[in-house]
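Below you'll find the structure, written out as structure tokens, and then a few comments.
Here, each number is a calculation from the coordinates, and none is a lab measurement. Bear in mind the structure is a predicted one, so any value in this text is a computation, not a measurement. Every residue, glycine among them, receives a Cβ derived from its backbone with ideal geometry; neighbour counts consider all protein chains shown.
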Amino acid sequence: MNRKAIKYIIGAVTLGLAVLLFILSRLLFGISIHPEGGRSVIHIPDSSSYEQAMDSVFASLEMKNPGFFRKIAVIKHYPSLVKPGRYVIDKGYSCNGLINLLRIGRQSPVRITFNNVRTLNDIAGKIGSQIEADSASIMEFFSSPENYSKDGFKREDVVSVFIPDTYEFYWNTSAKGLYSRMLREYKKFWNRERLEKAKELGITPIEVSILASIIDDEVAKPDEKSRIAGVYLNRLKRGIPLQACPTIKFALNDFTITRVLYKHLVIDSPYNTYKHTGFPPGPIGCPSIEGLDAVLNAEKHDYLYFAAKADFSGYHNFSRTLAEHNRYANQYQRELNRRRIFR
């Protein structure tokens with residue numbers, strides 16, 4: 001074979017290798033994975049095997065070369081590096097880029113906002129629909145007081161650990177992880193300044209949460225919250241029952257009631273603050289930050305009573321004596337009758 005022939009052969013082989021390398025490079029590093037509709041989400045549950053992880057990937061993304069993707073996954077040791085989580089794919093990826101994303105576990109957090117929730121069931125339903133831990137597993141965790149009693153909570157008051165706000169969670173957060181995260185947020189909220197204010201009032205953070213939850217339900221106007229907090233604190237100091245209508249609704253488990261009647265006040269429940277003095281066993285809902293701070297910054301006055309104004313403005317008349325309070329209360333009752341609000 002002459003030299004010219006050898007040169008042609010070498011040239012052809014070189015060109016073939018270059019084309020092969022180009023094709024491999026395009027497969028490996030080129031943008032070959034596009035999410036449907038511009039965005040796809042891969043959910044890889046806890047304890048997923050490599051095959052289960054692959055099933056999740058292929059169920060969420062349409063790939064031109066799934067076999068090549070698997071080969072790259074094996075070469076990059078992904079079978080032993082499967083990380084659970086929620087991975088948002090909102091741009092084109094190469095095979096190499098997607099494997100790198102999955103093998104280092106760079107998942108996208110879930111943003112969850114909760115407010116106006118009353119019970120642990122409400123919280124479990126709200127959060128459990130957005131993370132891997134479903135509502136049943138969350139409720140199972142909170143149904144066992146030993147999971148949080150060491151932190152000073154009881155079944156009746158552990159709802160106070162959930163400070164309403166917007167939080168980011170990883171999708172694969174467990175029920176225990178959820179509680180641990182919310183406990184950190186709770187401790188962050190209860191800084192030295194707030195703890196000192198509670199101490200000055202002579203009540204605990206949990207008792208602050210109880211009062212705040214009542215006030216949140218009782219008061220439509222934010223600028224009245226600290227004044228009504230002062231009323232309740234005055235009643236507690238004098239040993240007068242709180243007589244808070246929201247606790248009756250909670251005891252009856254009927255929040256559709258717009259008019260608390262005498263027949264409602266006979267319910268036998270520790271949450272009946274018309275029968276029992278002091279604090280009820282726990283919050284009647286997740287207290288808002290606004291409500292918590294209203295209690296901690298309660299207005300100092302000598303009012304012992306308040307009644308909704310008959311003009312239905314959402315504001316209240318405040319009284320120092322029962323006789324004065326009854327006059328205001330009767331005005332409101334007459335207006336309820338006039339408007340035919342009987343329940």
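Other residues lying with their Cβ under 10 Å from the Cβ of N100 contribute a combined charge of +3, Lys and Arg counting +1, Asp and Glu -1. When the P(r) of region 110-189 is calculated, the portion above 15 Å amounts to 52% of the C-alpha pairs.
Modelled spin labels at N100 and S129, positioned 7 Å past Cα toward Cβ, are 3.8 nm from each other. Were the residues from R155 through W190 laid out at 0.36 nm apart, the gain over their Cα-Cα distance would be 10.6 nm.
With a simple spin-label model that places each label point 7 Å from the Cα along the Cα-to-Cβ direction, the separation between N326 and F58 comes to 8.0 nm. Each of R259, R338 was scored by other Cβ atoms within 10 Å of its Cβ. Arranged with the fewest first, they read R338, R259.
Between the beta carbons of V266 and N116, assuming R0 = 25 Å, the FRET efficiency works out to 0.30 to the nearest 0.05. Counting only aspartates and glutamates at least 8 places from K76 when in the same chain, those with an alpha carbon closer than 20 Å to its own are E51, D55. Here region 313-343 is scanned for amide nitrogen atoms under 11 Å from the site 7 Å beyond the Cα of D254 along Cα-to-Cβ, giving 343.
Site pair D90 and S180 shows an inter-label distance of 2.8 nm when each label is modelled 7 Å from Cα along Cα→Cβ. Pairs from the list K83/K187; K150/K197; K150/K300; K126/K221 with a Cα-Cα gap above 28 Å: K83/K187; K150/K300. Each helix, a run of at least 4 DSSP H residues, gives -39500 (n - 2.57); summed and divided by the residues of the chain, these come to -14500 deg cm²/dmol at 222 nm.
Near T247, once Lys and Arg are set to +1 and Asp and Glu to -1 for all other residues with Cβ below 15 Å from its Cβ, the sum equals -4. Taking a straight Cα-Cα cut-off under 17 Å and skipping sequence neighbours fewer than 8 places away in the same chain, the lysines within cross-link reach of K249 are K263, K275.
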